[in-house]
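Chemist: One structure, pasted below without further comment.
The values are calculated or read from the model by the stated rules, or taken from the named source; none is laboratory data. Please read these numbers as outputs of a predicted model, since none were measured by experiment. Virtual Cβ from ideal backbone geometry, glycine too; neighbours counted across all protein chains shown. Remember, those area values only see protein heavy atoms, side chains included, never the ligands or the DNA or RNA. Shrake-Rupley method; radii C 1.70, N 1.55, O 1.52, S 1.80 Å.
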Amino acid sequence: MDNDAIALHSVSRGYGSGEGAVTALDRVSLSLPRGSFTAVMGPSGSGKSTFLHCAAGLDRPTAGTVTLAGTELTGLSESRLTKLRRDRIGFVFQEFNLLPSLTAAQNVALPLRLAGRRPSQARVREALAQVGLGERAGHRPGQLSGGQQQRVALARALITSPEVLFADEPTGALDTRTGREVLELLRGLVDRDGQTVVMVTHDPVAAAYANRVLFLVDGRIDGELADPTAAAIAARMTALEGTPC
Ligand code: ADP
Ligand code: MG
């Protein structure tokens with residue numbers, strides 16, 4: 001059996017043409033096993049978001065293949081890709097992206113409704129309880145703190161039991177303490193439930209929650225660290241950011 005949650009084979013993503021052409025991702029190959037927690041780091045503009053969007057099927061590579069648990073995304077029609085994103089991928093953004101007029105429970109249920117399924121209240125409550133918000137189901141985003149809103153977004157991403165949970169700077173809009181709570185939750189999902197998590201972050205402390213840290217420079221993987229400390233990650237980042245672009 002294929003034990004990789006995600007595999008990229010020589011994935012490139014270019015933008016524009018001629019003088020203004022940019023290679024945001026340049027022949028990236030890697031595989032992430034099920035149940036792994038990976039952090040992606042790199043200087044601003046190094047291709048982190050492009051990598052995450054291509055791996056999650058939110059964007060299409062210009063070359064190469066992306067395979068999610070045995071399904072090649074790159075060959076799928078738009079409608080099949082949309083369905084796969086809904087059913088098998090979770091995504092969390094820096095800015096939460098909750099609908100302000102909906103309660104926490106309604107926000108969490110939304111992906112199931114969009115997929116034409118009738119969300120069971122028990123399943124929604126379970127997802128909220130999983131992120132420690134069982135008591136907040138009826139609150140709207142405006143009545144919740146930033147950390148709580150991000151946890152609602154996490155529950156929304158988990159409601160379909162996705163094969164991979166992607167997070168782009170999930171703690172970027174949070175203070176240190178609430179950011180840690182979100183990171184503890186992500187770590188717990190990996191340890192308890194075997195969830196596969198891929199997270200982009202700028203923060204060495206956040207990246208140290210992962211088992212593996214990948215460094216992107218100019219759209220290429222420029223090394224990695226296994227089970228690193230925050231200090232080791234910070235030292236690596238300082239070295240990378242010192243390189244002229
Ligand atoms: P990061 O997330 O590491 O800051 P991005 O993946 O957002 O980097 O961007 C990588 C490179 O691709 C940058 O040079 C950026 O300007 C370029 N880029 C990203 N998205 C687009 C786009 N839609 N059109 C043109 N260039 C883009
Ligand atoms: Mg980015």
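Chemist: Filtering the range 121-155 down to residues that are closer than 26 Å to G35 by Cβ and outside any helix (DSSP H, G or I), which residue is most open to solvent (accessible area, probe 1.4 Å)?
Modeler: This residue is G132.
Chemist: I've got another one for you. Would it be correct to say that G42 is within 16 Å of ligand 2 (Cβ to nearest atom), of a type outside the set (D, E), on the phi > 0 side of the Ramachandran plot and open to solvent by less than 40 Å² (accessible area, probe 1.4 Å)? Can you show your working first?
Modeler: Working: within 16 Å of ligand 2 (Cβ to nearest atom): yes; of a type outside the set (D, E): yes; on the phi > 0 side of the Ramachandran plot: yes; open to solvent by less than 40 Å² (accessible area, probe 1.4 Å): yes.
In short, yes.
Chemist: At least 3 residues that are at pLDDT below 95, surrounded by fewer than 19 Cβ atoms within 10 Å (Cβ to Cβ) and touching a Lys or Arg at 6+ places or on another chain (Cβ under 8 Å) in each: list the strands (runs of 3 or more DSSP E) lying fully within the range 156-241 that qualify.
Modeler: No strands (runs of 3 or more DSSP E) qualify here.
Chemist: Name every residue in the range 173-194 that is closer than 11 Å to V92 by Cβ and over 12 Å from the mean Cα position of the chain (by Cα), in order of residue number. Step through it out loud before you land on a result.
Modeler: Pass one, the range 173-194, residues closer than 11 Å to V92 by Cβ: 182, 185-186.
Across the range 173-194, the qualifying residues are V182, L185.
Chemist: So which residues in the range 10-54 are closer than 24 Å to L189 by Cβ, among the basic types (K, R) and more than 10 Å from ligand 1 (Cβ to nearest atom), if there are any at all?
Modeler: R34
Chemist: Yes or no: the range 25-35 includes at least one residue that is free of Cβ contacts under 8 Å to residues at least 24 places away in the same chain, farther than 23 Å from D227 by Cβ and aliphatic (A, V, I, L, M).
Modeler: No, the range 25-35 has no match at all.
Chemist: Among (1) modelled with pLDDT of 95 or more; (2) in a loop (DSSP other than H, G, I, E, B), there is one condition T38 misses while meeting the rest; what is its number?
Modeler: Of everything listed in (1) modelled with pLDDT of 95 or more; (2) in a loop (DSSP other than H, G, I, E, B), T38 misses just condition (2).
Chemist: Now a separate question. Of these, L76, L52, which one is surrounded by 14 or more Cβ atoms within 10 Å (Cβ to Cβ) and within 19 Å of the chain's Cα centre (by Cα)? Working first, answer last.
Modeler: Details: L76 fails: within 19 Å of the chain's Cα centre (by Cα).
Going through L76, L52 in turn, the sole match is L52.
Chemist: Right, something else. List pairs: first in the range 72-91 and assigned to a helix (DSSP H, G or I), second among the acidic types (D, E), Cβ under 8 Å, 6+ apart or cross-chain?
Modeler: R88/E163
Chemist: Can you find even one residue in the range 86-102 that is open to solvent by less than 10 Å² (accessible area, probe 1.4 Å) and on the phi > 0 side of the Ramachandran plot?
Modeler: No: zero hits.
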